[in-house]
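First the structure, in the form of structure tokens, and then the observations on it.
The values are calculated or read from the model by the stated rules, or taken from the named source; none is laboratory data. Bear in mind that the values here come from a model prediction, so they are computed numbers and not experimental data. Neighbour counts are summed over all protein chains in view; Cβ atoms, including those assigned to glycine, are modelled from backbone coordinates with ideal geometry. Areas reflect the complete protein model, heavy atoms only, side chains present, ligands, DNA and RNA absent. Shrake-Rupley method; radii C 1.70, N 1.55, O 1.52, S 1.80 Å.
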Amino acid sequence: MRAYLRKLYEAAGVLGGLFMILLLAFVLYSVGPGVGLWLEQQFGLPNPFNYVARSADEFAGYAMLASAFLAMASTFGRGEHIRVTLFLQRLRGRARRYAELWCLALGSLLAGYLAWFSVRLCYVSWQLNDVSTGLIAIPLWIPQLGMAIGAIVLAIAVVEQLVVVAMGGPLMEEPSGEEAMHIER
């Protein structure tokens with residue numbers, strides 16, 4: 001079961017990476033006319049990017065939203081989220097396990113809350129046929145879907161880690177190698 005969940009987290013992470021590439025494409029498309037204008041003013045060259053980038057910023061924002069949320073579970077599973085371990089790293093044995101359980105239980109509640117309301121927001125937008133206010137009106141449930149799916153997968157990842165630690169499994173992985181040098185002591 002855990003192997004399937006790892007594949008789910010990695011698939012969501014890859015999808016998040018693809019949305020990051022899409023974000024880059026929208027940003028480059030958006031700044032093209034400005035670069036062309038600069039080339040024209042500075043060097044007298046004809047503007048090769050003579051177009052208006054309609055709604056590119058809006059679509060870049062949607063891609064950024066999907067990228068961030070879809071990659072959350074993958075980074076959580078690898079222990080790469082920013083975690084405040086200043087207190088936890090000083091604990092040992094049973095005290096460390098209980099503190100980790102408390103943190104994971106609270107994280108599960110918060111991730112579940114985020115997932116629930118992200119799905120609800122997406123559903124209400126779909127019900128109301130809510131559309132964006134930009135130049136290109138698109139149904140808002142479409143960009144919100146990336147956030148909802150990412151939040152659900154993150155909630156599954158946090159609950160899975162809570163179950164693993166509660167059943168006596170290993171605690172959350174600490175950063176290793178060079179990353180470990182940056183931990184505050």
Over segment 38-85: Rg over Rh, Cα atoms, Kirkwood Rh
1.35
Distant-in-sequence amide H partners of residue 131 (H built 1.01 Å from N, under 5 Å)
140
Rel. contact order, % - alpha carbon contacts under 8 angstrom, at least six apart, the chain
27
Karplus-derived 3J(HN,Hα), 6.51/-1.76/1.60, for each residue of segment 121-132, Hz, glycine and proline x:
4, 5, 5, 5, 4, 5, 4, 7, 6, 6, 10, 5
Under a 1.4 angstrom probe, counting protein chains only, how are 38, 102 ranked by accessible area, largest first?
102, 38
Diffusion coefficient, µm² s⁻¹, Stokes-Einstein with Kirkwood Rh over alpha-carbon pairs of segment 26-132 at 20 °C and 1.002 mPa s:
116
Once phi is turned into θ = phi - 60°, what whole-Hz ³J(HN,Hα) does the Karplus curve with 6.51, -1.76 and 1.60 give for every residue of segment 99-110, x standing for Gly and Pro?
5, 5, 4, 4, 4, 5, 5, 5, x, 5, 4, 5
Longest segment of the chain lacking GluC sites (Glu not before Pro) that sit in a DSSP loop with at most 15 other Cβ atoms within 10 Å
81-172
How much of the accessible area of segment 1-106, probe 1.4 Å, is carbon plus sulfur, in whole percent?
70
For segment 1-154, with every protein chain kept in place, what is the accessible area per residue (1.4 Å probe, Å²)?
65
Quick one: in the chain, what % of C-alpha pairs are over 31 Å apart?
36
Sequence-distant residues sharing a close amide H with residue 49 (under 5 Å, placed H):
36
Scan segment 44-108 for trypsin sites (Lys or Arg not before Pro) in coil per DSSP, keeping those whose Cβ has at most 11 other Cβ atoms within 10 Å, and list them by number.
92
Normalised by the empirical 2.2 N^0.38 Å for globular proteins, what value does the Cα Rg of segment 86-154 take?
1.67
Add +1 for every Lys or Arg and -1 for every Asp or Glu among the other residues with Cβ under 12 Å from the Cβ of residue 13, and state the total.
+1
